[in-house]
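Here's the structure, in structure tokens; my notes come after.
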Amino acid sequence: MSIRITVLGSGTSHGVPMIGCDCAVCQSTDPRDARLRPSILIEAPQDGRALGRPPGDGRAGCSILVDTSTDLRAQALKYDLRRVDGILFTHSHADHIFGLDEVRRFNALQRSAIPCYADRATVADLRRVFAYIFASSPADSGGIPQVVPFTIVGPFCLGGVEIVPVPVLHGRRLILGFRIGSFAYLTDCSGVPDASWPLLEGVEVLILDALRERPHPTHFTVSEALAVVDRLRPAQTYFTHVCHDLPHAATCARLPRGVELAYDGLTLTV
Ligand SMILES: [Zn+2]
Ligand SMILES: [Zn+2]
Ligand SMILES: [Zn+2]
């Protein structure tokens, strides 16, 4: 079964351009230098239907959103995202969850609640940060996202897609990456624990955190990310969670074969 990945956002938590920055990347006219907050859409065909339709069109089959970024509304409009069958959360940092309120539109369009999957710590954070969503008594106003949280404890299936959680280090904190078939998405990552390497064996297409060249306590640099690529040897790697230090064209030109920066709107079929 092939799946289609659409990169909805390839930028770091500030987004690129950053507010009030005059650097060359923030001022660039190359659309690949404009990076919304990190998120991807995973689409899998259902009932043998092919992925012939444009990205974001839920009629293609099961649509899985990874994280509800701060930019979810802009991303949904830009890529005509109309259906979300499930949401996977990597962790609870603001750039990955603050779009959760936008889910109301999908609830209305689909007339259903949406299941959300996250590790125990992230489920607890979502309940705290979005207390109004998870309040026990139904609110008087209708404007509340309808989501049903599930705690990830191991591999699980969503719409016929097997999802394998891959714990990765984000600073000192363990968060989740996800593997589906030969594809893996590891955003916000500064280390791969010993136990997670076997989960990544045989990955052919990898989207991996590479914030910038300078060291950062919670994100891989480009050279640290390249060391992961060296060990896993995927056929194709795309760096994400990229900050304004890395111009798209110039950075891609000096990366090794099979490695490039992701960009918003990038579509992959795996
Ligand atoms: Zn992040
Ligand atoms: Zn800048
Ligand atoms: Zn983070």
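FYI, it's all coordinate maths here, none of it is from the lab. As the structure is a computational prediction, the values presented were derived from the model and not from experiment. We place every Cβ from the backbone using ideal geometry, glycine too, and count neighbours over all the protein chains shown.
If you plug each phi of the stretch 187-202 into the Karplus form 6.51 cos²θ - 1.76 cosθ + 1.60 with θ = phi - 60°, what whole-Hz ³J(HN,Hα) values come out, in order, with x for Gly and Pro?
Rounded to whole hertz, the list is 8, 6, 9, 10, x, 10, x, 3, 5, 8, 4, x, 5, 9, 4, x.
Starting from the Kirkwood Rh over alpha-carbon pairs, what translational D in µm² s⁻¹ does the chain have by Stokes-Einstein at 25 °C and 0.890 mPa s?
It diffuses with D of about 131 µm²/s by this estimate.
Please state the shape class of the stretch 162-224: rounded when a/c is under 1.5, otherwise prolate if a/b exceeds b/c and oblate if not, all from the C-alpha gyration tensor.
prolate
Net charge within 9 Å of Leu72 by Cβ-Cβ distance, Lys/Arg positive one each and Asp/Glu negative one each, not counting Leu72 itself?
Net of charged neighbours comes to -2.
Which of these, Arg212, Arg127, Arg104, has the largest mean-square fluctuation under a Gaussian network model of the chain (Cα springs below 10 Å)?
Arg127
Taking Cα pairs under 8 Å and at least six residues apart, what relative contact order does the chain come out at, in percent? Write down the numbers at each step before the final one.
Working: 606 pairs, mean separation 52.9, N = 270.
Worked out over the chain, it gives 20 percent.
Can you figure out the FRET efficiency of Arg127 with Ile19, using R₀ = 35 Å and their beta-carbon distance, to the nearest 0.05?
0.70
Evaluate the charge dipole of the chain about its Cα centre and quote only its size in Debye, nearest 20, assuming +1 on the Cβ of each Lys and Arg and -1 on the Cβ of each Asp and Glu.
360 debye
With springs connecting C-alpha atoms under 10 Å apart, model the chain as a Gaussian network and identify which of Tyr79, Tyr132, Tyr117 has the largest mean-square fluctuation.
Evaluated over the chain, the most mobile residue of the options is Tyr132.
Charges on Cβ only, +1 for Lys and Arg, -1 for Asp and Glu, centred on the Cα centroid of the chain; of Gly20, Leu126, Thr221, which one is farthest towards the dipole's positive end?
Leu126
Compute, for the stretch 157-270, the length of the dipole vector about the Cα centre, with Cβ point charges of +1 (Lys, Arg) and -1 (Asp, Glu) only. Units Debye, rounded to 20.
Numbers: 9 positive and 12 negative charges, 33 e Å.
Computed about the Cα centre, the dipole is about 160 debye.
Work out how much length Asp30 to Ala249 would gain on full extension: take 0.36 nm times their residue separation and subtract the Cα-Cα distance, in nm to one decimal.
78.0 nm
Who wins for biggest fluctuation among Gly15, Gly99, Gly160 in a Gaussian network model of the chain, springs between alpha carbons below 10 Å?
Gly160
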